[in-house]
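First the structure, in the form of structure tokens, and then the observations on it.
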Amino acid sequence: MIRWLVAAIGFCIAATPVLAADPIEIGIGYLGRVGVKAKLSLVELPAENDGLAGARLAIEDNNTTGKFLNQHFTLEEVRLKDNEDVAKAAAALAERSSFIIADLPADELLKAADALRDRGTLLLNAGAIDDRLREQDCRANVIHVAPTRSMLADALAQYLVWKQWKRWLFVVGSHDQDKLYADALRRAATRFGAKIVQERIFEDIGGARRTDSGVTLIQRQMPVFTQQAPAYDVLVAADESEVFASYLPYRTWDPRPVAGSAGLVPTSWHAAQDQWGAIQIQNRFAKLNSRHMTALDMQAWTAARMIGEAASRTKSGDSKAVSDFLKGPDFSIAAFKGRRLTLRDWNLQLRQPILLVDGRMVVSVSPQEGFLHQVSELDTLGADRPETKCKLR
């Protein structure tokens, strides 16, 4: 009888369903503008989901880990049209998401950050590379995953100096963003010992180059534009506006390499990156999206994974706990770049190596050997602590 009673009780316990607690829901928003930036080359035109695709992949990765910790991550995507107010959109998105990945121009990012200052919402900047966002216009509720112009310029300058290509013919576009990149490159040249032997301005006077005579026109124009230059080792171009730089390789008057906005280009990520386990994320991304992973995709992936990493380490979905951990000394994230990435506590910029690519291959990775730093070699890229103008608020 006793044996039968014990067996019956055991059966009842085994048959009773175990009621698991509901998973902790962690909402992440993605805020950007509709449309993509134009490119000179048709093969480089970004996809409509540029950036978003990287964030979506990271949500899958977060949930793979999250299911063991009873955490569930979701992504809400908001794409703004030209006439929509970014501050209102950010405030509305913050009602449903404690973390927002932002792919916005600098001024709009600041508007969104100021609108959310008192809400406890953390913004992760995945797109804007402006140094001022990390310096005089820094905000305590914005973490910067995208590298700065100065980080990109320093990465390029280190390699050119390492190669002993220290004499630069410097060509700058006529648009504001070209001038910002030019400022970063001038600073890098001075910082690492390169010399700008001459600076030239390429004025954007408009006109279509995709015409029947376009190739002939460019073939004649670029050699003439670059002739009679002082002796130089490399032509460095600052052309973020995508007007002329892509036409420079193989068309300069003197046979010289091109770097900067064309030729050898500094970037946070490239489809050719296959070191440090990167081939697995490249393959997974391509399988899901039928295209290659861009720098913006990787920056958005990293931003979403940073939230996932902090949530798993704190075992919490609380926005303050996650934000405090991200900004604290114990945070780091692996991102297939050979080093664990950390935040600079003085301006909330993510330290990261910069790839130097030629369009088909990764040529090198900066920081370069021999450029030393007392804390981290990664701090040889961009504004260092003694240089910062940031006062987080």
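The values are calculated or read from the model by the stated rules, or taken from the named source; none is laboratory data. These numbers were taken from a predicted model, which means no experiment stands behind them. All Cβ positions, even for glycine, are placed from backbone atoms using ideal geometry, and neighbour counts span all protein chains on display. Surface accessibility is based on the protein's heavy atoms, side chains included, excluding ligands, DNA and RNA. Shrake-Rupley method; radii C 1.70, N 1.55, O 1.52, S 1.80 Å.
Before moving on, here are some points about what is shown:
- The set of residues from region 284-295 being open to solvent by 90 Å² or more (accessible area, probe 1.4 Å) and not small (Gly, Ala, Ser) comprises 287, 288, 292.
- Close pairs (6 angstrom Cβ cut-off, 6 or more residues apart or separate chains): under 12 Å from residue 155 (Cα atoms) and free of Cβ contacts under 8 Å to residues at least 24 places away in the same chain in region 377-393, open to solvent by less than 20 Å² (accessible area, probe 1.4 Å) and assigned to a loop (DSSP other than H, G, I, E, B) anywhere: 377/367
- Checked against the criteria, residue 371 counts as within 30 Å of residue 249 (Cβ to Cβ) and open to solvent by less than 50 Å² (accessible area, probe 1.4 Å).
- Of the residues making up region 338-356, those that are open to solvent by 10 Å² or more (accessible area, probe 1.4 Å) and either in contact with a strand residue (DSSP E or B) (Cβ under 9 Å, 6 or more places away or on another chain) or free of Cβ contacts under 8 Å to residues at least 12 places away in the same chain (or both) are 338, 340, 342, 343, 351.
- The listed residues are 359, 382, and the only one of them that is at pLDDT below 95 and not charged (D, E, K, R) turns out to be 359.
- Taking region 303-337 as the range and being open to solvent by less than 10 Å² (accessible area, probe 1.4 Å) and within 15 Å of residue 126 (Cβ to Cβ) as the test, the residues that pass are 303, 304, 306, 307, 308, 326, 333, 335.
- Among residues of region 159-193, those that are open to solvent by less than 10 Å² (accessible area, probe 1.4 Å) and not in a helix (DSSP H, G or I), counted: 6
- The lone exception for residue 196 - which of (1) surrounded by fewer than 24 Cβ atoms within 10 Å (Cβ to Cβ); (2) under 23 Å from the mean Cα position of the chain (by Cα) it fails: (2)
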